[in-house]
Amino acid sequence: MVPSVRLPALAVLLFVALFAGPGLLAQDDATRVTGSAIVEPLLQAMITAAEIDDAFVSETTGSRTGLTLLCEGESALSTSTQAINQDLMQLCDDNDVALVEFALGYNILALVAHPGVAELVPCLDEGQIKEIFAPSATGAATNWNQLLEDSPTDLEMSVHVPPELTATHGLLDSIVSGDGLRDDAWVTTDAVAEVNETPGGIGVALLEQVQDTPALSLSTADSEGCRAPSAETVEDGLYTAANQLLLYVNVDRFTEAGVSELLELVASDDLAAVVRSAGFTPTTEAVTRDNRERLSAAQQGESAPLVAGDFVMPETIAGALRIGGSGTSFDFVNITLEAFQTQNPGLSTSILHYGATAGLRDLCAGALDLVFTTRLPLDEELAACSENNFDTFSLQLGSKALVLLANAEGAAPACLGTGELGSVWGVDSAGSALNWQDLNSDYADEKMVLFAPRPGSQQMDQLLAVSESGLVGRNDIEFDNDPLYRAAATANVPGALTFMTWRDFNAVLASGQERIRLMQLDAGTGCVAPSPASILDNSWPLSQNTWLVANRNRMTLPQLQAFLWYLASEDNLGNWQDAAFVDVRPATLQTLQATLTVAFDEATMAALARMDDGADEQGADGTESEESG
């Protein structure tokens with residue numbers, strides 16, 4: 001291979017543009033932003049989109065230096081490609097700087113190849129990436145049959161790399177061992193076009209530049225197999241050739257010029273288009289929702305967790321745990337507890353799921369350590385806890401949902417009122433609601449055919465509870481607990497209807513089932529379609545939240561802390577998914593762990609304060625005794 005022009009002038013210009021930046025034009029009344037040169041183009045695009053060009057002065061100091069200045073109170077905001085670490089969090093604490101973290105998007109590396117190469121090697125592992133791009137590959141790896149020992153293909157390898165001092169070069173260099181990249185590669189700013197035109201070609205680009213060209217998958221130690229680049233695989237920790245694009249803001253400086261306008265954009269759906277315009281990959285909807293929740297919490301003066309804390313699981317866990325609550329969470333809690341207890345046989349546990357009301361009553365009476373419920377405690381329940389001298393800690397774990405699935409070619413309505421659910425599924429409808437017109441004369445004249453899980457299922461209880469028609473379902477329908485069977489039966493019968501969890505519906509989609517459609521529901525404010533967004537914001541009427549409520553005084557117990565930490569760990573991710581929680585990812589669990597870290601610390605500080613108060617009272621009593629004597 002003969003290297004092409006290495007574009008040194010362009011590299012120098014890029015370096016000057018990134019590191020000189022608008023920070024040289026500082027204005028006295030502008031809000032100071034420090035941080036990453038990689039995130040800088042996105043920051044400027046956001047400032048332009050929010051129409052606040054004169055509000056900020058931005059200095060590209062690098063991620064760590066920028067965060068240091070933020071924690072020292074020298075800047076109001078800082079961008080970063082790395083999550084803040086414990087040392088910097090301590091520096092912020094020492095300076096009474098409270099931060100909130102927002103995920104803006106991702107800088108995702110994509111490996112692109114000529115179609116002939118992609119057919120030969122659709123997935124590369126870490127060793128193969130090194131053989132292609134590492135400095136040691138210079139003059140050595142020149143033919144694809146060297147990399148693919150089992151392939152007789154004689155195809156010259158043409159390697160294309162980005163210029164130095166670019167974000168793409170830095171990402172590639174970070175996953176390739178050695179100092180820099182191979183010297184005999186073609187240097188290009190348009191790898192996609194060049195490799196498509198070059199037989200044997202392979203190169204790298206940012207994911208948003210790839211467009212219609214398929215990107216190769218990567219297999220790394222963390223990926224558990226071959227993974228394609230996407231926001232989802234990055235957030236799940238399965239695709240590691242990427243940078244996070246993060247924004248940290250000093251909560252006490254929300255009122256400075258431009259900050260509120262910028263954060264309004266960060267928490268909106270409009271951010272995705274701005275991120276793409278800057279050449280980066282937007283976050284998923286779940287992370288956008290998390291940004292909104294973080295901003296809302298910070299605006300209300302609540303602590304917004306940054307990153308998962310440094311909780312250390314005790315080597316030996318003993319003592320007792322007393323758990324109660326709603327039956328809808330029994331399977332999930334019981335399976336999690338069994339797995340945790342297998343690792344900690346010295347732990348004694350009791351688990352009683354007899355309903356949210358009884359569980360919260362016993363929690364406030366001091367008989368339970370924590371409960372899992374489908375609702376928050378009522379004011380009178382909180383008052384009972386206060387009478388026993390403790391507060392509660394509540395944490396929303398996630399949401400589950402049921403969806404209605406109709407035959408796509410039949411005449412069943414596109415949207416049902418929630419009150420009509422009882423008319424379809426309730427026991428009083430047996431033998432009477434046999435045609436869709438039996439519900440409403442405006443509906444089509446077509447036989448109603450219903451498929452449901454077997455009687456007594458939690459799914460039927462949840463469905464009928466929403467319609468307020470009681471908890472008894474009709475018995476003149478066909479029952480089967482297999483959601484794939486029910487979906488297939490619904491697809492084959494015009495006018496048919498069934499229901500299942502959102503998780504089971506996604507399994508039906510993955511099976512390739514056709515001739516089905518989701519039915520919308522109207523709870524009085526208009527028809528709503530089920531989606532992760534409508535489920536998690538509770539606008540979908542068949543959503544159900546799961547809450548953890550604990551005795552805050554008991555949050556200092558090592559066994560309670562350890563169980564909650566295990567509950568929110570990636571080791572337990574499979575149980576979360578099996579329990580049909582919607583859109584639970586490793587990043588979701590990391591956020592839960594970060595919240596638990598704050599709760600553990602607050603419980604410890606409260607316990608120390610109670611000890612100090614007790615010591616003061618004893619000292620006062622002793623002094624009075626001496627004086628009276």
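What order, most packed first, do the peptides 193-200, 241-248, 128-135, 524-531 have when packing is the mean number of other Cβ atoms within 10 Å of each residue?
Descending packing order for the listed peptides: 241-248, 128-135, 193-200, 524-531.
Non-local amide H neighbours of MET448 (under 5 Å, H modeled in plane, Pro and chain starts lacking H): which ones?
It is ASN435, TRP436, by chain and number.
Rolling a 1.4 Å sphere over the protein heavy atoms, what is the accessible area per residue of segment 73-157, to the nearest Å²?
That works out to 43 Å² per residue.
In nm, to one decimal, how far is the TYR485 label point from the ALA358 one, both placed 7 Å along Cα→Cβ?
About 3.2 nm, to one decimal.
State the extension gain, in nm to one decimal, for the chain segment bounded by GLU602 and SER174, taking 0.36 nm per residue of separation less the distance between their alpha-carbons. Provide the component values of the computation, followed by the final result.
Working: separation 428, 0.36 × 428 = 154.08 nm, distance 3.81 nm.
In short, 150.3 nm is gained.
Considering amide H positions built from the backbone, and no H for Pro or chain starts, which residues 5 or more places from VAL161, or on another chain, come under 5 Å of its amide H?
Answer set, sorted by chain and number: TRP186, VAL187, THR188.
Show me the GluC sites (Glu not before Pro) within segment 218-305 that DSSP assigns to loop and that have at most 13 other Cβ atoms within 10 Å of their Cβ.
Those that pass, being in a loop and sparsely packed, are GLU224, GLU302.
Each label point is 7 Å from the Cα along the Cα-to-Cβ direction; what then is the distance between the points at LEU155 and GLU387, in nm?
7.7 nm
Applying 1/(1 + (r/R0)^6) with R0 = 41 Å to the Cβ-Cβ distance of SER136 and SER511, what FRET efficiency is obtained, to the nearest 0.05?
Efficiency at R0 = 41 Å is approximately 0.35.
First check a/c for the chain, with a ≥ b ≥ c the square roots of the eigenvalues of its C-alpha gyration tensor; if it is under 1.5, answer rounded, and if not, answer prolate when a/b is larger than b/c or oblate otherwise.
Here the chain falls in the oblate category.
Given labels modelled 7 Å from the Cα in the Cβ direction, how far is it in nm from ALA365 to ASP571?
Rounded to a tenth, the inter-label distance reads 3.4 nm.
ARG375 to LYS447: FRET efficiency via 1/(1 + (r/R0)^6), r the Cβ-Cβ distance, R0 25 Å, to the nearest 0.05?
FRET efficiency, ARG375 to LYS447: 0.05.
Rounded, prolate or oblate for segment 35-114? Axes are the square roots of the Cα gyration tensor eigenvalues, ordered a ≥ b ≥ c, and the cut-off for rounded is a/c under 1.5.
In terms of gyration-tensor shape, oblate.
For segment 297-379, which trypsin sites (Lys or Arg not before Pro) pass both filters: DSSP loop (anything but H, G, I, E, B) and at most 12 other C-beta atoms within 10 Å?
Listed in order of number, the matching sites amount to none.
With a ≥ b ≥ c taken as the square roots of the eigenvalues of the C-alpha gyration tensor of segment 259-344, please select rounded if a/c is under 1.5 and otherwise prolate if a/b is larger than b/c or oblate if it is not?
Details: a/c = 2.51, a/b = 2.42, b/c = 1.04.
Prolate, since a/c reaches 1.5 and a/b exceeds b/c.
The values are calculated or read from the model by the stated rules, or taken from the named source; none is laboratory data. In this text the structure is predicted, and so the values were computed from the model without any measurement. For neighbour counting, all protein chains shown are included, and Cβ atoms are generated from backbone atoms with ideal geometry for every residue, glycine included. Surface areas here come from the heavy atoms of the whole protein model, side chains and all, with no ligands, DNA or RNA. Shrake-Rupley method; radii C 1.70, N 1.55, O 1.52, S 1.80 Å.
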